[in-house]
There are 2 protein chains.
Amino acid sequence: MSLSIHGTQLSQPTRSVIEFCKFCRIDFNFIYVNIPKGEQLSVEFQKLNPFGLVPVILHEGFNLWESPAIITYLADAYDTDTQWYPKDRKIRARIDAYLHWHHENVREPIAGYVRGKVIGPLFFGFSELSEDDEVKLREKMHNSLRQISEIIRENRFIARTEQLTIADIFAFNEIFNTQIVNLDLSGYPDIVRWYNDIASIPEVVETSDGVIERFFKLKEAMKSSN
Amino acid sequence: MSLSIHGTQLSQPTRSVIEFCKFCRIDFNFIYVNIPKGEQLSVEFQKLNPFGLVPVILHEGFNLWESPAIITYLADAYDTDTQWYPKDRKIRARIDAYLHWHHENVREPIAGYVRGKVIGPLFFGFSELSEDDEVKLREKMHNSLRQISEIIRENRFIARTEQLTIADIFAFNEIFNTQIVNLDLSGYPDIVRWYNDIASIPEVVETSDGVIERFFKLKEAMKSSN
């Protein structure tokens, strides 16, 4: 079967999809999309995803976006049954419930802060955050981190499963990006323990390797071109 | 099989789950949760959903929250294959992609406005919106409506399927609630046409019957008790 993943390792959901494929031994071609250059807005790319967002997959002519929908589709298309997204209906339902909850409760508050603070002004021409907005976004992010902390303290894994699943990977990748704003996580010991476990998984190490450094390099390059 | 749905018809995602069960002839008991009275915060309810959100289902002892995850779980548990959420992997993937996109792009901007403007101050003790915040939220809602309009103009249905699916129902139920803020949709003729088609489906008529009137009654009751 032919599968390509279009995205960038700088994107949290792109990394989650790549990691999932690696966990499940699903072969793919990776097609790099240069977001800071705006390649996601090209006519070509928008044939794959009219919303201009990464990642997108192209699987035997079928294009699909939204990373959690991609996970479900690939698990079925490749008939996989792993701890990451098993066939067991109830475990899947717990993972799906997390992945739906994730958008407004994890991605939006955490990526929202990183975007508002650094990525937006740097790459997308957002104006710098006002002090008030900065405080509001930071508080939302910390609320989210407190909630994640509570969930994993009580349930060990984020989708209330008995093993790590793709839900943990989605949450991990959002928290990973807080390195861009030099966030100190030491106030969240449960997150730190869980985070370090995930950060040492070979497929995760491989996929995230150099991401933060690439980001800081881009930041320097943008600054010096201004 | 024993299935109960815990929620209120005032909640958009609860209505979507009820409508799905009716479309698929899945029997259920409906357990009313009185949100304005805060029943979702009770110890009893939080055993079903620790986040204190409706809807939740209890299916043969298994509790599950997040309405789109409930749809997938029920379709599999009851082995249904309807136009609303068919077994076809690619159509399902399109619907799933919409349902993930929905949270930040449809629910949050549309329900966000209705909540900020009316529901929050009335039921949840939010302070009244400042003029600035009102303008921002309204603009976000209209951006969302413009985007929905474009999608259904180009693809007829919201998940780019060839028939109505549960994705349309989720979008419809969010737009339905704009009646609470007396929103005039006539500037969106594509939405009006699509909306009226859905609004005349018997299962939808039955489920939404009296919802807006109940809401306005609650509003009057709250006002006169202040």
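In the stretch A:79-88, the condition of being assigned to a helix (DSSP H, G or I) and within 21 Å of A:I26 (Cα to Cα) is met by no residue. Just a yes or no: is a residue in the stretch A:97-120 surrounded by fewer than 18 Cβ atoms within 10 Å (Cβ to Cβ) and either away from chain B (no Cβ under 13 Å) or of a type in the set (A, V, I, L, M, F, W, C) (or both)? The answer is yes; a qualifying residue exists.
Against the condition closer than 20 Å to B:P68 by Cα and either surrounded by 19 or more Cβ atoms within 10 Å (Cβ to Cβ) or modelled with pLDDT of 95 or more (or both), how does B:I169 come out, does it pass? It is true that B:I169 is closer than 20 Å to B:P68 by Cα and either surrounded by 19 or more Cβ atoms within 10 Å (Cβ to Cβ) or modelled with pLDDT of 95 or more (or both). The sole residue among B:F126, B:F172, B:F157 that is under 15 Å from the mean Cα position of the chain (by Cα), without any contact (Cβ under 8 Å) to a residue 60 or more places away in the chain and away from chain A (no Cβ under 13 Å) is B:F172. Is it fair to say A:Y32 is loosely packed, with under 15 Cβ neighbours inside 10 Å, farther than 28 Å from A:L145 by Cα and not small (G, A, S)? Against the criterion (loosely packed, with under 15 Cβ neighbours inside 10 Å, farther than 28 Å from A:L145 by Cα and not small (G, A, S)), A:Y32 qualifies. For the stretch A:102-135, enumerate the residues that are part of a loop (DSSP other than H, G, I, E, B) and small (G, A, S). Selection gives A:G125, A:S127, A:S130. Taking the criterion of being of a type in the set (D, E, K, R) and surrounded by 14 or more Cβ atoms within 10 Å (Cβ to Cβ), the only residue of the stretch A:121-135 that qualifies is A:E134. The single residue among B:L58, B:L74 that is within 14 Å of chain A (Cβ to nearest Cβ) and part of a strand (DSSP E or B) turns out to be B:L58. Of the set (1) surrounded by 20 or more Cβ atoms within 10 Å (Cβ to Cβ); (2) more than 10 Å from chain A (Cβ to nearest Cβ); (3) assigned to a helix (DSSP H, G or I); (4) not β-branched (V, I, T), all apply to B:K47 but (1). Is there a residue in the stretch A:52-61 that is assigned by the TED database to the domain that holds A:N182 and either in contact with a Leu (Cβ under 7 Å, 6 or more places away or on another chain) or among the polar types (S, T, N, Q) (or both)? Checked against the condition, which is being assigned by the TED database to the domain that holds A:N182 and either in contact with a Leu (Cβ under 7 Å, 6 or more places away or on another chain) or among the polar types (S, T, N, Q) (or both), the stretch A:52-61 yields no hits at all. Screening the candidates A:D76, A:D27 for the property of being of a type in the set (D, E, K, R) and within 28 Å of A:R214 (Cβ to Cβ) yields one hit, A:D27.
Against the conditions (1) in contact with a helix residue (DSSP H, G or I) (Cβ under 8 Å, 6 or more places away or on another chain); (2) aliphatic (A, V, I, L, M); (3) free of Cβ contacts under 8 Å to residues at least 60 places away in the same chain, A:I35 satisfies every one except (3).
Here B:R138 passes the criteria (1) surrounded by fewer than 20 Cβ atoms within 10 Å (Cβ to Cβ); (2) within 13 Å of another protein chain (Cβ to nearest Cβ); (3) assigned to a helix (DSSP H, G or I) except the one numbered (2).
The values are calculated or read from the model by the stated rules, or taken from the named source; none is laboratory data. Being a predicted model, the structure only gives us computed values, none of them experimental. Heads up, the Cβs are rebuilt from the backbone with ideal geometry, glycines too, and the neighbour counts pull from every protein chain shown.
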